[in-house]
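Quick notes on the structure that follows.
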Amino acid sequence: MTDLFVSAETPRSVESAILEFLQPQTQTQQQDEAAIPSVAAELAKDLALLRTIFSVVNQPLRQKLAAALSGNPIAAELLLQCIESGVPAAEILRDERLAQQLAAYNEGFAIRVASLKSALPQATEDTTALTTAVLQRLKLGEGDAEMGKAVFKKHCIACHQRAGEGNLVGPQLNGVGTRGAARLLEDILHPNQNVDVAFRTSVLVLNDGRTVSGMVRETRDPQMLDVIDTQGKTQAVQQQDIEDRKDSTVSLMPGNVAKLLSEDELLNLIHWLSR
């Protein structure tokens, strides 16, 4: 089986379900994808398990699983509930065939799909060439772990933690190497494709007309909220000062990493994270 797992902490019950439905490790990506219809039929029985499966499979399998679910009105309802909860992210609705099939069921579905699509950020640039180049260089044994760690300290440490270094604004990165290089590149270059609800951003409109955006966290004081921006900086906001709150499907992580890092920096970072 190909690059399916997000981390070593994947629950054993979930891992067993994936292994049961998506073939042994000796099978090819094409054979994995051929099993998707039966996966959809079984997983549609359990919303929680379905969300977890979406969170641990890679993008090609995620798209095919969604397409299989969309073919049945009951399964399609579960798929929409998953998307509305953030896993998979609404980015998956950029596939017009999927969006149109879901919207065709009834007016309620159409309204929900339109609402999800209207909140999508501008499409990210095509990073296929960059991804291919980095993966090819990794296969050739290129990459410097120490330089990759330096990239992490410069660009990532404000929000992420690994081996006790950094901050826990975003997900901690211990064990992420089990995802495989392809999935790591996907998560880094396209952070809005699979945003956990806990790490989505919000926009707060304040009584004085100002807006504050970032990841919102409750504090020990019920009258206060902390808003964490893309630099990992925290701003305290009083609840009474908030006029409106608009939750987004966008990740706190910047979507322009391909422009922030050179190919060499990305290569070294993936090499270090994969250790």
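The values are calculated or read from the model by the stated rules, or taken from the named source; none is laboratory data. None of the values given here were measured: they were computed from a predicted structure. Because the Cβ atoms are built from the backbone with ideal geometry, glycine has one as well, and the counts that use them run over all protein chains shown.
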- Specify which of the listed residues (I111, I74) is loosely packed, with under 14 Cβ neighbours inside 10 Å, of a type in the set (A, V, I, L, M, F, W, C) and modelled with pLDDT under 90. I74
- Of the residues R210, R179, which is charged (D, E, K, R), at pLDDT below 90, loosely packed, with under 14 Cβ neighbours inside 10 Å and out of contact with any strand residue (DSSP E or B) (no Cβ under 7 Å at 6 or more places or on another chain)? R210
- Query: Does R275 qualify as being in contact (Cβ under 8 Å) with a residue 40 or more places away in the chain, surrounded by fewer than 20 Cβ atoms within 10 Å (Cβ to Cβ) and over 22 Å from the mean Cα position of the chain (by Cα)?
  - Reply: no
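Take G170 and decide whether it is in contact (Cβ under 8 Å) with a residue 12 or more places away in the chain, under 24 Å from Q231 (Cβ atoms) and in a loop (DSSP other than H, G, I, E, B). Talk me through it step by step, then tell me what you get.
Values: in contact (Cβ under 8 Å) with a residue 12 or more places away in the chain: yes; under 24 Å from Q231 (Cβ atoms): yes; in a loop (DSSP other than H, G, I, E, B): yes.
Yes, satisfied.
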- Note on the structure: So, first residue aliphatic (A, V, I, L, M) in the stretch 40-65, second residue in a loop (DSSP other than H, G, I, E, B) and at pLDDT below 80, Cβ within less than 6 Å, six or more apart or across chains; the pairs are V56/F5; V56/V6; V56/T10; V57/L4
- Item | Only listed residue being among the hydrophobic types (A, V, I, L, M, F, W, C), at pLDDT 60 or above and over 16 Å from R97 (Cβ atoms), chosen from L79, L50, L43 | L50
- Hits in the stretch 53-71 - residues which are in contact with a Leu (Cβ under 9 Å, 6 or more places away or on another chain), at pLDDT below 80 and not in a helix (DSSP H, G or I): V57, N58
- Check N174, N167, N192 and return the single one that is surrounded by 12 or more Cβ atoms within 10 Å (Cβ to Cβ) and touching a helix residue (DSSP H, G or I) at 6+ places or on another chain (Cβ under 6 Å). N192
